[in-house]
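The next block holds one structure in the form of structure tokens; read it before the comments.
The values are calculated or read from the model by the stated rules, or taken from the named source; none is laboratory data. This is a predicted model, so every value here is computed, not measured. All Cβ positions, glycine included, derive from the backbone under ideal geometry; neighbour counts span all protein chains shown. When the accessible area is computed, the model is the full protein with side chains, heavy atoms only, and any ligands, DNA or RNA have been set aside. Shrake-Rupley method; radii C 1.70, N 1.55, O 1.52, S 1.80 Å.
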Amino acid sequence: MTRVLFVSSEVYPLVKTGGLADVSASLPEALCRLGYDVNILLPGYPSAMETAGASGASRKARISIDGYTVNLVETRLPGAAVTLWLVDCPPLFGREGNPYQNDQGEDWPDNAWRFKLFARVGAKIAMDQAGLSWHPEIVHCNDWQSALLPVFLEPYPERPGTVFTIHNLAYQGLFSRKTFEDLGLDESLWRFEKLEFHGRLSFIKGGLVFSDRITTVSPGYAEEIQTPALGYGLDGLLRYRRPQLSGILNGIDTRTWNPEEDPHLDNHYGRDHLKNKRLCQANLQRSLGLGPNGAVLLGFVGRLVEQKGLDWLLTVMPPLLERGCQFAMLGSGERRYEEPLKELSLKWPDRVSLTLGYDEALAHRITAGCDLFLMPSRFEPCGLNQMYSLRYGTIPVVHSVGGLRDTVFDPADTGIDNANGFCFKSPDSASFLAAIERALDCHKNRKAWRRLQENGMAGDYSWKQSALHYGELYQGILAERQDPNLK
Ligand code: ADP
Ligand code: GLC
């Protein structure tokens, strides 16, 4: 039973801003089902402490780091046999709201200190210095918030093996040289082949330089980040580490996202009994004030940020509204996208429903109730929403990048028998609109539409295969650490 410490700054349902949280719950669970002994490490944000408290939590250890007293609080991932440790340190993590930013959308000024401490706690556990009577053979870190952990383990020859997963290379944890000094990091780390990045401290480089293996969340994105266009200046380093870099496609939690028994839906349906999907649509339209029925309903759920292609979406909406399409939109993010969306919803009250904020139940109802699900992302490391919509018989229209390219197949490329959605390749709003128009044409052909829905719903989006891949990766590292000739 290989012991794995899974380190993440978000875990659903304790704290979530995006897909990282979903993955950090369902991947450890899938690994456990394969026989791995996985424990998760998460900062003790108030929402996480509360959820943990409600399902039973106890203090397991107390350690002192960087002048802070840290309690390690043990709980279980709700509904799963996975142990979760919360880094309870109120001066650094005891803040309501977003884990990374204040109410004004500004980063917390002490983020570098917060996530350095988080990594140091992980390193203590990894080296069996936290008094937990458990230590891992593999430490699996995720995104920049845990990326210093492999740096702290590097000096120890007997350290566990390390994996670093990139969920989004656009977020790197960049700080000033002064912060580097104030954090007390060893001066030898201030080199371009270590943590220095164009005169700044880069947390993510810690994971990219010092880990035994690097993964990202789709094979497509693994290729893209090695190019200047999507490498954010790190493509050279990633090409250098190519032998240790791989892309493993995310799965989804197929119990939470299951149209046959989704508790957020009043009506349930499946691949061979799709009739009730219509009722889901009618309920959604009624509850969102969209009407009259019969229009094609297009959905969007996601963070309102540049990555998600909101500018292209805002450009294609007016002509589609003129044609009678309806939109169900849910998201929160930057004001530059919220404002024009609000204007559209005021101008077209019975055709555009806009919900600003985070609403898990509505996300499920939009996924079930729409005809088309739109994901014009400029880049997308994996994307979970297209897999949710495929499973719910809702046809995705996506930009052919990253994980979207790996999961959505267009009839123009594969023929209708192997297709499950519509893709556009050229990065502009005109090709996005053209893909939606092809989808609207197909929607008129009941048989072809049904075929796409069935193909999508027949797909295997579970974690099983991907968890097996992670398992192989872990075993490869362990073998290599035992016999360095294997490197
Ligand atoms: P990313 O991690 O880049 O935001 P993903 O597609 O991987 O994109 O995951 C996003 C996750 O967050 C999905 O589970 C999606 O349903 C959820 N989500 C995003 N915004 C909202 C929102 N406003 N309300 C409810 N769920 C949301
Ligand atoms: C990131 C990416 C998203 C991916 C998620 C989970 O937030 O933006 O594409 O699905 O991480 O890996």
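For the reader, a short list of remarks on this structure follows.
- Here residue 355 does not qualify as crowded, with 18+ Cβ neighbours inside 10 Å, of a type in the set (Ser, Thr, Tyr) and at pLDDT 95 or above.
- Residue within the range 102-113 that is free of Cβ contacts under 8 Å to residues at least 12 places away in the same chain, within 23 Å of residue 187 (Cα to Cα) and surrounded by fewer than 17 Cβ atoms within 10 Å (Cβ to Cβ) present: yes
- Of all residues making up the range 242-258, the number that are among the small types (Gly, Ala, Ser) and assigned to a loop (DSSP other than H, G, I, E, B): 1
- Flag for residue 300 being closer than 18 Å to residue 383 by Cα, in contact with a strand residue (DSSP E or B) (Cβ under 7 Å, 6 or more places away or on another chain), modelled with pLDDT of 95 or more and aromatic (Phe, Trp, Tyr): yes
- Taken over the range 351-376, residues that are within 16 Å of ligand 2 (Cβ to nearest atom) and within 19 Å of residue 251 (Cβ to Cβ) amount to 4.
- Close pairs (6 angstrom Cβ cut-off, 6 or more residues apart or separate chains): closer than 15 Å to residue 354 by Cβ in the range 311-324, open to solvent by less than 10 Å² (accessible area, probe 1.4 Å) anywhere: 313/376
- Exclusive hit being closer than 30 Å to residue 135 by Cα, modelled with pLDDT of 95 or more and crowded, with 22+ Cβ neighbours inside 10 Å, set 225, 214: 214
- Residue within the range 116-138 that is assigned to a strand (DSSP E or B) and closer than 29 Å to residue 334 by Cα present: no
- Output for the range 232-257, where each listed residue is more than 18 Å from the chain's Cα centre (by Cα), in contact (Cβ under 8 Å) with a residue 40 or more places away in the chain and open to solvent by less than 20 Å² (accessible area, probe 1.4 Å): 234
- Whichever residue in the range 366-422 is of a type in the set (Asp, Glu) and under 19 Å from residue 224 (Cα atoms) and, among such residues, is nearest to ligand 1 (Cβ to nearest atom): 380
- Residue under evaluation residue 276, criteria (1) touching a strand residue (DSSP E or B) at 6+ places or on another chain (Cβ under 6 Å); (2) within 23 Å of residue 391 (Cα to Cα); (3) free of Cβ contacts under 8 Å to residues at least 40 places away in the same chain, criterion not met: (1)
- The residue that is nearest to ligand 2 (Cβ to nearest atom), among those in the range 130-158 that are touching a residue at least 40 places away in the same chain (Cβ under 8 Å) and open to solvent by 30 Å² or more (accessible area, probe 1.4 Å), is 137.
- Considered as a group, the residues in the range 259-285 that are part of a loop (DSSP other than H, G, I, E, B) and open to solvent by 100 Å² or more (accessible area, probe 1.4 Å) include one that is modelled with the lowest pLDDT, and that residue is 272.
- Filtering the range 188-241 to residues that are under 20 Å from residue 139 (Cβ atoms) and outside any helix (DSSP H, G or I) leaves 194, 195, 202, 211, 212, 213, 214, 215, 216, 217, 241.
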